[in-house]
Amino acid sequence: SFIGEESVAAGQGSILTDNPTWIIDPIDGTTNFVHRFPFVAVSIGFVVNKKIEFGIVYSCIEDKMYTARKGKGAFCNGQKLQVSGQEDITKSLLVTELGSNRDPEAIKIILSNMERLLSIPIHG
């Protein structure tokens, strides 16, 4: 099976089943792309029994290939990635994105979540 982000965004329905399924977003960061903001990628995932098996993200502008496989770790251009050892949240950096849904109820939820995040004593 195939699920394409662009077709789902256009209103076509999609149901994830237990069948092996490719999930593809050919322009991940469409809004960035439209506004010439250089953070755009091609994202591909493969799911079996509704569980991710592996994923690939190609950051086009940076020419970086990110890969990850269940139980095998994550890599950038073949180099193993590690999570930060930082355990002090006051020294962490929070990055978020608001999304494109402008439905009043969605905005209310997004702002509520942002309020909770901003109350955490983070570095930036």
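The values are calculated or read from the model by the stated rules, or taken from the named source; none is laboratory data. In this text, all values refer to a predicted model and were calculated from it rather than measured experimentally. Cβ coordinates were reconstructed from backbone atoms using ideal geometry, including for glycine residues, and neighbour counts include every protein chain displayed. Ligands, DNA and RNA are excluded from the accessible area calculation, which covers all protein heavy atoms including side chains. Shrake-Rupley method; radii C 1.70, N 1.55, O 1.52, S 1.80 Å.
Report the gain in length on full extension from ASP103 to ASP18: 0.36 nm times residue separation, minus Cα-Cα distance, nm rounded to one decimal.
Working: separation 85, 0.36 × 85 = 30.60 nm, distance 3.13 nm.
Here the segment from ASP103 to ASP18 would lengthen by 27.5 nm.
Where only protein heavy atoms count, and the probe is 1.4 Å, what is the accessible area per residue for the chain in Å²?
Details: 9620 Å² over 124 residues.
Result: 78 Å² of accessible area for each residue.
In percent, how large is the relative contact order of segment 1-83, given Cα pairs closer than 8 Å and 6 or more residues apart? All intermediate terms of the calculation are to be shown ahead of the outcome.
Numbers: 151 pairs, mean separation 15.8, N = 83.
The normalised contact order for segment 1-83 reaches 19 percent.
How much of the accessible area of the chain, probe 1.4 Å, is carbon plus sulfur, in whole percent? All intermediate terms of the calculation are to be shown ahead of the outcome.
On the way: 5770 of 9620 Å².
Here carbon and sulfur together make up 60 percent of the probe-accessible area.
Over segment 55-124, what relative contact order in percent results from Cα pairs under 8 Å that are six or more residues apart?
Working: 53 pairs, mean separation 15.7, N = 70.
Here the relative contact order equals 22 percent.
Straight-line reach from LYS70: which lysines have Cα under 19 Å away, leaving out those fewer than 8 places along the same chain?
Within the straight-line limit of under 19 Å, LYS70 reaches these lysines: LYS50, LYS51, LYS80.
Leaving out same-chain residues fewer than 8 places away, which aspartates and glutamates sit with a Cα under 16 Å from that of LYS108?
GLU97
Spin-label point model (7 Å from Cα, Cβ direction): what's the ILE56 to ASP88 distance in nm?
Rounded to a tenth, the inter-label distance reads 4.1 nm.
Using Cα centres only, tell me the gap between segment 76-118 and segment 57-74 in whole Å.
Result: 19 Å between the Cα centres.
Per the Kirkwood formula on distinct C-alpha pairs, the Rh of segment 69-124 is how many angstrom? Let's see the in-between values first.
Working: mean 1/r = 0.0697 Å⁻¹.
Averaging 1/r across every pair of different Cα atoms and inverting gives 14.3 Å.
Under the rule of -39500 (n - 2.57) per DSSP H run of 4 or more residues, summed and divided by the residues of the chain, what mean residue ellipticity at 222 nm is obtained, to the nearest 500 deg cm²/dmol?
On the way: 3 runs with 25 residues, N = 124.
The per-residue figure over the chain is -5500 deg cm²/dmol.
Any idea what Rg and Dmax come out to for the chain if you just take the C-alpha atoms, in Å?
Answer for the chain, Rg first and Dmax second: 17.2, 44 Å.
Exposed loop GluC sites (Glu not before Pro) only (DSSP loop, at most 16 other Cβ atoms within 10 Å): please give the longest stretch of the chain free of them, not including the sites. Before the final figure, lay out each step's value.
On the way: sites that count: GLU62, GLU87, GLU97.
The segment 1-61 is the longest one with no such site.
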